[in-house]
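Just below is one structure, and these are the notes that go with it.
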Amino acid sequence: MKLHAAIARALAGHGVRAMFGLIGDANMFLVHSFVENGGEYVAAAHEAGAMFMGFGYAELTGRLGVVTVTHGPGLTNTLTGLVEGVRGRTPMLLIAGDTGTTSRPPVQDIPQRDVVLPTGAGFEQARTPETTLADLAIAIRRAVVERRPVVFNVPVDFAWRDVDYWDVPLNLPETQHIIPDPVVVRHAVDEIAAARRPVVIAGRGAIEARASVLRLAERIGAPVATTLKAKDLFRGEAYDLDIAGGLSGPVSREILDGADLLIAFGAGLNAYTTRNGGLLSGKRLVVVDAETRMVPEAQVTVQGDATAVADVLVEALEVSEVPPSGFRGPAMAARLAGQRTMGERPVTEDGTVDVETALRRLDEILPQRRVLVTDGGRFMMEAFRHLHPGDPRAYVLPLNFGSIGMGMGAAVGAAAGRRGEPVIMVCGDGGFMHGGLAEFATAARYGLDLIVVLCNDGGYGAEHVQFVDRGLDPSLSLFAWPEMAPLAEALGGEGLTVRTMDDLEKAAKVVANRTRPVLIDLRLDVHHIAPMPR
């Protein structure tokens, strides 16, 4: 059996059903064999887009995201996606072709290991044709266990070598649930007993523990909040503070600032969640996490599964007869309900709509059962607040590296991973032109159910606000973009420009009757969009 066919068969045997990539002379045989073995291959327009697709697929499905590119520039074009995957702790396998082992260095030759390692990704070399299947198993195992991208480097001249096929087991470790230390639990109970204004914050690591975390919050009289990556986990609950940190509403922020104890379940507590540490100031902190996490501000760190720890804490509180704090009550619930109503909105320039009003209406118009992907840019603060995934497990945020232009690729990967469910991708005009334009055509080619909400302020808005703040010429950040709706049509989708609120009602009809990817171009006033946090 030729090696390229053996690799494809091994991938299928390891449960890989989808692959994203861009074909070059070093990986075309692998792609051909993968499709012949029944795999789905999504051809990206650019290697960066392919990498973002693998990220979106892995984030949404929980399965390994597999990407393939050719050597040299094919690999270097994936570097931003590699860093994103590393910082997002996303298991991915990047199969990179390499130049031949026996030929003189061609024009695309580069020391690929040296390029990869600074991103933080792992690197595994196919040592010989005969060891390649075993080397592949190691690369997959490392990606899954280490929860990061691993590059598997295969020289082009290996592809047509004859090898004996054999099943190589992955030998993945079994999931182990950590039982919390009773002594540490006792210390956490002491902190809760002493608190008068506790608040529970849940992160992505606590999504599956929702019921148990709510039971604990009710037991101790605490309102609940989430990190951005766990958005909507408690939506509909009377004491939901929504997202903690810079995205908090005024009532939620007042409650969070007034707390004397924070109990964080599966939450990273980064600078955005803690408002650069301000949220933690003057408070006691109990951290619950399945992994060892160094949080210097924490008085108690309980290592264990979020569900198990929450349940154990409730039992210990009952045994110790610790009374509820009384912090939350009807008055707090009423204030939080009032916070969710929309106040007076600014008057925007003719031909533009207010971003908050438009996004709130779109949140009602768009399919309620959805996957939500958010790209980066100045607009994203409003998108975080007003567009809802409904289920936090259907929320994909390719923002771990702070790059714009990753959203479209991630949305294509998510749509490929969950066919039959619409994917909403919200991005800025700069991000769309930066990285979304080519992959919108990819979505059209594959007939994916994708709805793009384009927050179009006519340039790079994050830079515009800084130009204004520093007394510089803000026109340098503005661009005369082409009309986006006709562009979407030319790329194989459907487009609609929204300049008035009446146009949004037309968007409702377009969304309801869609048969191909849709782009909704929201024309916004660059002077009336919330600034990004600093």
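Two-decimal Rg/Rh of the range 22-76 from alpha-carbon positions, Kirkwood Rh? Working shown, then result.
Numbers: Rg = 11.3 Å, Rh = 11.7 Å.
We get a ratio of 0.97 for the range 22-76.
Give the percent of DSSP beta bridges with both residues in the chain that are antiparallel, rounded to the nearest 5.
Working: 2 of 67 bridges.
Around 5 percent of the beta bridges assigned by DSSP in the chain are antiparallel ones.
Once you have a ≥ b ≥ c as the square roots of the Cα gyration tensor eigenvalues for the chain, tell me rounded if a/c is under 1.5, and otherwise prolate or oblate according to whether a/b is larger than b/c.
On the way: a/c = 2.10, a/b = 1.24, b/c = 1.70.
It comes out oblate by the Cα gyration axes.
Please state the shape class of the range 363-439: rounded when a/c is under 1.5, otherwise prolate if a/b exceeds b/c and oblate if not, all from the C-alpha gyration tensor. Could you put the intermediate results ahead of the total?
Values: a/c = 1.72, a/b = 1.26, b/c = 1.37.
Cα axes put the range 363-439 in the oblate bin.
Under 16 Å between alpha carbons, and skipping anything fewer than 8 positions from K506 in its own chain: which aspartates and glutamates qualify?
Counting by Cα, and skipping residues close in sequence, K506 has these aspartates and glutamates nearby: D363, E364, E494, D521.
Which whole-number value in Å³ per residue fits the convex hull of the alpha carbons of the range 338-489? Spell out each step's value before the answer.
On the way: hull volume 21.1 nm³, N = 152.
Residue-normalised Cα hull volume stands at 139 Å³.
Need the C-alpha centroid separation for the range 363-437 versus the range 21-91, integer Å.
Here the answer is 19 Å between Cα centres.
Among residues other than Q125 whose Cβ falls under 9 Å from its Cβ, what is the net charge (Lys/Arg +1, Asp/Glu -1)?
Working: positive: R113, R127; negative: D98, E124, D135.
For residues surrounding Q125, the net value is -1.
Which of the peptides 321-327, 156-162, 426-432 is most tightly packed, and how do the rest follow, judged by the mean count of other Cβ atoms within 10 Å per residue?
Details: 321-327: 14.0, 156-162: 17.1, 426-432: 27.9.
Put in order of decreasing packing, that is 426-432, 156-162, 321-327.
With only alpha-carbon atoms in the gyration tensor, what are the semi-axes of the equivalent ellipsoid for the range 106-208, in Å, largest first? Spell out each step's value before the answer.
Working: eigenvalues 433, 70, 19 Å².
Taking √(5λ) for each eigenvalue gives 47, 19, 10 Å, largest first.
Please turn the phi angles of the range 419-428 into ³J(HN,Hα) values with the Karplus equation 6.51 cos²θ - 1.76 cosθ + 1.60 (θ = phi - 60°), one per residue in order, whole Hz, x for glycine and proline.
5, x, 10, x, 10, 9, 10, 10, 8, x
In whole Å, what are the extents of the range 205-262 along the principal axes defined by its C-alpha atoms, from largest to smallest?
Result for the range 205-262: principal-axis Cα extents of 27, 24, 19 Å.
Apply the Kirkwood formula to the range 3-158: the hydrodynamic radius equals the inverse of the mean of 1/r over all pairs of different alpha-carbon atoms; give it in Å with one decimal. Intermediate values should be presented prior to the final figure.
On the way: mean 1/r = 0.0672 Å⁻¹.
Radius from the Kirkwood sum: 14.9 Å.
For the range 241-376, just say rounded, prolate or oblate: build the C-alpha gyration tensor, square-root its eigenvalues into a ≥ b ≥ c, call rounded for a/c under 1.5, and beyond that prolate if a/b exceeds b/c, oblate if not.
Numbers: a/c = 2.06, a/b = 1.83, b/c = 1.13.
Prolate is the answer for the range 241-376, as a/c is 1.5 or above and a/b outweighs b/c.
Could you order the peptides 215-223, 503-511 from most to least packed, using the average number of other C-beta atoms within 10 Å per residue? Write down the numbers at each step before the final one.
Numbers: 215-223: 21.3, 503-511: 16.1.
Highest-to-lowest ranking by the protection proxy: 215-223, 503-511.
With θ set to phi - 60°, apply the Karplus curve 6.51 cos²θ - 1.76 cosθ + 1.60 along the range 196-201 and write out the HN-Hα couplings as whole Hz, x wherever there is a Gly or Pro.
Those phi angles translate into 10, 9, x, 9, 9, 10 Hz.
To the nearest Å, what is the center-to-center distance of the range 481-534 and the range 170-222, using C-alpha atoms only?
42
Rule-based calculations on the coordinates, nothing more; no lab input. If you're wondering where the values come from, they're calculated on a predicted model, not measured in any experiment. Because the Cβ atoms are built from the backbone with ideal geometry, glycine has one as well, and the counts that use them run over all protein chains shown.
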